[in-house]
Amino acid sequence: MAGNKGRGRAAYTFNIEAVGFTRGEKLPDVVLKPPPLFPDTDYKPVPLKTGEGEDYMLALKQELRETMKRMPFFMETPEEKQDIERYSKRYMKVYKEEWVPDWRRLPREMMPRKKCKKDPKSKKAKDTGKVTSLTNTADVLKKIEELEKRGDSEKSDEENEEKEGSKEKSKEGDDDDDDAAEQEEYDEEEQEEENDYINSYFEDGDDFGAESDDNMDEATY
Amino acid sequence: MTQAEINLCSLLLQEHFGEIVEKIGVHLIRTGSQPLRVIAHDTGTSLDQVKKALCVLIQHNLVIYQVHKRGVVEYEAQCSRVLRMLRYPRYIYTAKTLYSDTGELIVEELLLNGKMTMSAVVKKVADRLTETMEDGKTMDYAEVSNTFVRLADTHFVQRCPLVPATENSDPGPPPPAPTLVVNEKDMYLVPKLSLIGKGKRRRSSDEEAAGEPKAKRPKHTLDNKEPIPDDGIYWQTNLDRFHQHFRDQAIVSAVANRMDQTSSEIVRTMLRMSEITTLSNAPFTQPLSSNEIFRSLPVGYNISKQVLDQYLTLLADDPLEFVGKSGDSGGGIFGSRCARIFRLVLQKKHLEQKQVEDFAMIPAKEAKDMLYKMLSENFISLQEIPKTPDHAPSRTFYLYTVNILSAARMLLHRCYKSIANLIERRQFETKENKRLLEKSQRVEAIIASMQATGAEEPQLQEIEEMITAPERQQLETLKRNVNKLDASEIQVDETIFLLESYIESTMKRP
């Protein structure tokens with residue numbers, strides 16, 4: 001080619017002067033790595049606009065952000081269990097209004113399907129069961145106290161019987177735990193109900209024996 | 001949707017609606033139209049939560065649904081609508097400038113709630129305004145209604161598509177989803193409501209009750225029992241109309257910058273006259289005769305007819321064609337000299353290397369450097385004009401040119417990235433100082449309650465000292481930074497608006 005200056009010599013295929021470099025000038029190095037993540041800029045950015053309008057919009061923006069968090073549309077993610085239950089958390093719960101969408105405007109599949117309750121009776125009973133389980137343990141403790149006292153008048157026994165009787169009726173269909181507690185109490189109640197005698201009459205063998213020893217069997221060695 | 005846009009949408013949804021809604025929303029943006037079960041399966045969230053999230057998104061006009069064959073309902077997200085959430089403060093501020101506080105609150109309530117009935121809006125706004133008024137005064141519903149009607153007349157709020165009235169004779173099961181009907185004629189028709197009443201001031205006992213646990217709060221029994229007269233007619237903000245307003249504002253200010261105040265007033269008048277007659281995205285307004293303009297000029301401007309004509313000829317001859325964005329990079333990354341070169345190339349359309357140096361009056365070496373920098377960032381491109389058919393490089397002209405459309409798109413992409421960065425940085429700053437922020441909030445609450453019960457000065461000071469001086473300094477810095485970041489977000493959004501409008505209007509030209 002006419003433009004070929006000879007073999008082996010470096011020759012540019014185009015007019016290098018058009019691009020602006022003179023021959024022999026040092027060309028800038030080839031860049032081998034990606035540009036830095038935060039390159040230094042020689043020029044500062046244009047300053048922000050300031051003014052009444054801008055200030056107002058800024059305040060609006062921050063207010064809107066806070067307001068949106070309190071709207072019912074903001075769906076809270078259920079938080080993971082904290083290590084320690086903080087007492088103050090109970091009282092810092094933000095009250096949110098309930099929002100019910102207009103179901104006529106939405107597809108039918110959007111309506112939450114209510115799970116049909118298996119047995120309203122059993123649910124109610126479970127609730128009362130829970131309540132009564134607490135009272136059951138309280139009752140058992142009471143029972144133990146009474147048994148320790150041993151010598152209470154029958155009147156108080158009857159009162160207790162009535163209380164337990166009413167509670168027994170509400171305990172229908174309960175869990176096994178409650179049943180077991182029930183059973184215990186029922187037995188005790190039955191025992192109490194059937195006997196008109198004081199329970200302690202035949203129980204304390206030692207004392208009885210000792211007494212009888214004292215009184216009668218003096219001769220046994 | 002580009003990755004940058006999706007990322008920004010994710011940040012916005014998370015800030016405004018929480019993580020569950022964000023997950024669902026981003027999934028829909030990424031994958032397009034999908035039915036309910038597929039969404040639940042792919043995102044791994046329970047069906048119940050997906051339903052709730054979709055309800056929220058549909059309420060805010062961010063997701064639409066469509067019934068396909070075989071009764072399957074598919075949901076689609078509107079990415080561009082999500083990005084509009086950045087602009088909410090600007091919409092509200094514009095409403096304030098045009099219709100004062102009442103208008104501002106109406107628009108704010110509509111934006112916060114997505115869609116509302118007119119009666120609900122009026123009631124809420126009246127209550128809010130009453131809160132801010134002096135003791136004993138209340139805001140009348142009629143006044144709020146009037147402002148609402150004015151907003152509807154100027155098309156700033158519009159009706160949502162309606163559920164068609166079902167006929168009783170419709171046989172078979174009801175459709176899986178209502179098909180919403182857009183009634184063009186009635187879109188701005190305000191229902192005849194006689195809303196009589198005054199705003200209620202929230203009682204102070206209610207305010208105290210806010211701190212108590214949920215169970216003790218009185219239920220809303222009264223409001224729900226009354227039948228709502230305009231049930232089913234929902235209103236939403238008409239964002240396009242706001243955009244039109246912004247665009248007009250931008251045009252007017254551009255003209256004012258280029259010429260003078262009077263010409264900008266003329267342009268403003270022209271635009272106002274064609275506000276409702278022209279569609280919002282038409283390339284040209286309806287032709288207006290100079291007589292009409294003359295008649296409609298605001299009262300303060302008594303210029304004679306000839307002067308008006310002169311101005312009009314000037315405006316018509318201006319080469320800048322002020323319905324477009326003129327690619328101002330304004331200094332910025334490359335500096336004002338680069339900006340000069342850029343503007344020069346933009347104006348002259350095509351320039352050679354040597355010509356650039358001459359016209360811009362910048363030394364050759366610097367000019368080269370800047371040109372190549374801009375080239376590498378794709379602001380400027382090279383155009384080859386061969387002299388010979390074989391395109392030999394030594395005999396080809398290389399001209400620098402600016403392809404505005406692609407430059408605009410590239411800038412827009414960078415804008416999305418920068419806003420995402422701004423939001424993330426702001427969240428990072430807030431998270432870093434979370435402990436300190438909570439502490440200061442607690443202290444403020446304590447001080448407020450003490451002031452309410454009448455505490456003395458030394459006690460208050462003691463409480464204030466709970467926050468040490470360096471902590472106060474830290475809080476100040478944090479506040480300043482967060483404000484700056486927020487303000488930057490708003491202003492980058494202005495740029496986004498300009499670029500998007502430009503791209504949209506350029507694409508439509510035949």
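The values are calculated or read from the model by the stated rules, or taken from the named source; none is laboratory data. Given the structure is predicted, the values throughout are model-derived calculations rather than measurements. Here the Cβ positions follow ideal geometry from the backbone for every residue, glycine too, while neighbour counts run over all protein chains shown.
Couple of notes before you dig in:
- In the set (1) at pLDDT 85 or above; (2) exposed (fewer than 14 other Cβ atoms within 10 Å of the Cβ); (3) among the aliphatic types (A, V, I, L, M), B:L475 fails one condition alone, (2).
- Hey, B:F428 closer than 28 Å to B:E465 by Cα and of a type in the set (F, W, Y) or not: yes
- Meets criteria (outside any helix (DSSP H, G or I) and crowded, with 16+ Cβ neighbours inside 10 Å) for B:Y416: no
- Taking every residue in region B:9-28 that is assigned to a helix (DSSP H, G or I) and pairing it with any residue that is among the basic types (K, R), at least 6 positions away or on another chain, the pairs with Cβ-Cβ distances below 7 Å are B:E15/A:R65.
- Subset of region B:8-55 (residues that are within 28 Å of B:R426 (Cβ to Cβ), away from chain A (no Cβ under 11 Å) and β-branched (V, I, T)): B:V26, B:I29, B:T43
- Within region B:352-369, the set of residues being away from chain A (no Cβ under 11 Å) and among the aliphatic types (A, V, I, L, M) comprises B:A360, B:M361, B:I362.
- Evaluated against (1) more than 7 Å from chain B (Cβ to nearest Cβ); (2) at pLDDT below 75; (3) exposed (fewer than 12 other Cβ atoms within 10 Å of the Cβ), A:Y91 falls short on exactly one condition, (1).
- Inter-residue pairs, beta-carbon under 8 Å, first under 17 Å from B:I503 (Cβ atoms) and in region B:241-252, second not in a helix (DSSP H, G or I), 6+ apart: B:H243/B:S280; B:Q244/B:E275; B:Q244/B:S280; B:I251/B:F322; B:I251/B:V323
- Selection of first residues in region B:35-51 that are in contact (Cβ under 8 Å) with a residue 24 or more places away in the chain and of second residues that are assigned to a loop (DSSP other than H, G, I, E, B) and surrounded by 15 or more Cβ atoms within 10 Å (Cβ to Cβ), restricted to Cβ pairs under 6 Å at least 6 apart or on distinct chains, gives the following pairs, ordered by first then second residue: B:P35/B:V72.
- Screening region B:72-103 for residues that are more than 10 Å from chain A (Cβ to nearest Cβ) and over 24 Å from B:Q14 (Cα atoms) and picking the one that is surrounded by the fewest Cβ atoms within 10 Å (Cβ to Cβ) gives B:S100.
- Pairs, first under 9 Å from B:N238 (Cα atoms) in region B:141-158, second of a type in the set (K, R) and assigned to a helix (DSSP H, G or I), C-beta under 9 Å, six or more apart: B:H155/B:R241; B:F156/B:R150; B:F156/B:R241; B:V157/B:R241; B:Q158/B:R241
- Qualifying residue in region B:451-468 (condition: in a helix (DSSP H, G or I), touching a residue at least 12 places away in the same chain (Cβ under 8 Å) and small (G, A, S)): no
- Output for region A:103-121, where each listed residue is modelled with pLDDT of 75 or more and either touching a Phe, Trp or Tyr at 6+ places or on another chain (Cβ under 6 Å) or within 9 Å of another protein chain (Cβ to nearest Cβ) (or both): A:R104, A:R105, A:L106, A:P107, A:R108, A:E109, A:M110, A:M111
- Residue among A:K49, A:K44, A:K26 that is modelled with pLDDT under 80, over 27 Å from B:I92 (Cβ atoms), at the interface with another protein chain (Cβ under 10 Å from one of its Cβ atoms) and exposed (fewer than 12 other Cβ atoms within 10 Å of the Cβ): A:K44
- Failed item in (1) more than 23 Å from B:K348 (Cβ to Cβ); (2) within 11 Å of chain A (Cβ to nearest Cβ); (3) not charged (D, E, K, R); (4) not in a loop (DSSP other than H, G, I, E, B), with B:H391 passing the rest: (4)
- Given (1) acidic (D, E); (2) over 20 Å from A:R105 (Cβ atoms); (3) surrounded by fewer than 22 Cβ atoms within 10 Å (Cβ to Cβ), number of the condition B:D48 does not satisfy: (2)
- Selected residue (criterion: nearest to A:P34 (Cα to Cα)) from residues of region B:347-391 that are surrounded by fewer than 15 Cβ atoms within 10 Å (Cβ to Cβ) and hydrophobic (A, V, I, L, M, F, W, C): B:L375
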